[in-house]
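The values are calculated or read from the model by the stated rules, or taken from the named source; none is laboratory data. All of these numbers come straight from a predicted model, not from anything done at the bench. Every residue, glycine among them, receives a Cβ derived from its backbone with ideal geometry; neighbour counts consider all protein chains shown. To get the accessible areas, we keep the full protein, side chains included, count just its heavy atoms, and leave off ligands, DNA and RNA. Shrake-Rupley method; radii C 1.70, N 1.55, O 1.52, S 1.80 Å.
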Amino acid sequence: MNPAKREAFYRGLAKAMPDPKSELEHTTPFELLVAVVLSAQATDKSVNLATAKLFPVANTPQKLAALGVEGLEQYIRTIGLYRGKAKNVVALSNLLLEKHGGEVPKTREALEELPGVGRKTANVVLNVAFGELTLAVDTHVFRVSNRTGLAPGKDPLEVETRLMKVTPPKYLRNAHHYLILHGRYTCVAQKPLCWKCPVFEPCEFKEKKKFAALDPNAPKPKAKSKLPKPR
Ligand code: SF4
């Protein structure tokens, strides 16, 4: 995709999503960190349901460390992989208390040292909680970047590196949200909703016209009459 198209692509997303936000409910950097760790291979909705009960009881490293692994499991057992996640959240709470005075650190290196926190989670926390210009590549961002030609790459790190290079600076702050939300609701995995896509023009997906033809609101071709033709 050339620079003019990339600009048009982001302009279209920015117009469609004037105020994009993380769909993980949180009020502090620590709540966000916990929610992102819990969201690995789970839906934001399932995480929000669990944290709506958990956070009023324990939303600081002190309280989560005190709750302990078994105590935490009771709140998150509806989320996939909850046992491992409970261990990680309690361990990272303890580490924050030991090494960071109970605060969420603001550097990638320190974040990635926390149990259960990889590059993607660190990018989300740096961007959403601290306003850094980072780009987390999840399954949606990976698909959209490759399918549309915006920033093709064979793995998440390659896509992230390319996105960081080609995204116009003014869109970097929100690019992560634009691409996730676009992939989650419009450029979906199975049948992308090209018929109502705000970036149909710049998109370089070869099959976009085929999917655009699936518009359920398009006038249906008239059914052929089954009556015999008059002679
Ligand atoms: S036109 Fe279709 S494939 Fe291209 S970005 Fe939009 S939804 Fe995705």
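Identify, by number, the condition in (1) away from the ligand (no atom under 16 Å from the Cβ); (2) open to solvent by 30 Å² or more (accessible area, probe 1.4 Å); (3) touching a residue at least 12 places away in the same chain (Cβ under 8 Å); (4) outside any helix (DSSP H, G or I) that Thr134 doesn't meet.
(2) is the only condition that Thr134 fails.
How many residues, within region 143-160, are within 16 Å of the chain's Cα centre (by Cα) and crowded, with 22+ Cβ neighbours inside 10 Å?
Qualifying residue count, region 143-160: 4.
Return a yes/no flag: does region 94-109 have any residue that is open to solvent by less than 10 Å² (accessible area, probe 1.4 Å), under 30 Å from Tyr185 (Cβ atoms) and at pLDDT 95 or above.
no
For region 184-204, name all the residues that are open to solvent by less than 40 Å² (accessible area, probe 1.4 Å) and not β-branched (Val, Ile, Thr).
Hits for region 184-204 are Cys187, Pro192, Cys194, Cys197, Pro202, Cys203.
Taking Lys208, is it near the ligand (Cβ under 10 Å from one of its atoms), more than 28 Å from Ala129 (Cα to Cα), basic (Lys, Arg) and open to solvent by 70 Å² or more (accessible area, probe 1.4 Å)?
No; evaluated as a whole, the condition is false for this residue.
Quick one: which residue in Val37, Val47 is touching a Lys or Arg at 6+ places or on another chain (Cβ under 7 Å) and outside any loop (DSSP other than H, G, I, E, B)?
Among Val37, Val47, only Val37 is touching a Lys or Arg at 6+ places or on another chain (Cβ under 7 Å) and outside any loop (DSSP other than H, G, I, E, B).
Taking only pairs six or more apart or across chains, which ones have beta-carbon atoms under 6 Å, a first residue in region 188-204 that is closer than 16 Å to Ser145 by Cβ, and a second residue that is at pLDDT below 95 and more than 6 Å from the ligand (Cβ to nearest atom)?
Short answer, once both residue conditions are applied: Glu204/Met1.
From Lys85, Lys45, Lys106, Lys63, which residue is among the charged types (D, E, K, R) and in contact (Cβ under 8 Å) with a residue 40 or more places away in the chain?
So the residue among Lys85, Lys45, Lys106, Lys63 that is among the charged types (D, E, K, R) and in contact (Cβ under 8 Å) with a residue 40 or more places away in the chain is Lys85.
Do you know which of the residues in region 15-39 that are surrounded by 19 or more Cβ atoms within 10 Å (Cβ to Cβ) and among the aliphatic types (A, V, I, L, M) is nearest to Leu111 (Cα to Cα)?
Filtering first and then ranking leaves Leu33.
For every residue, the table says whether it meets (1) under 20 Å from Thr28 (Cβ atoms); (2) part of a loop (DSSP other than H, G, I, E, B).
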| site | (1), (2) |
| --- | --- |
| Gly80 | no, yes |
| Val89 | yes, no |
| Arg143 | no, no |
| Glu158 | no, no |
| His177 | yes, no |
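If Leu163 satisfies all but one of (1) within 14 Å of the ligand (Cβ to nearest atom); (2) open to solvent by less than 20 Å² (accessible area, probe 1.4 Å), what's the number of the condition it fails?
Result: Leu163 fails condition (1) only.
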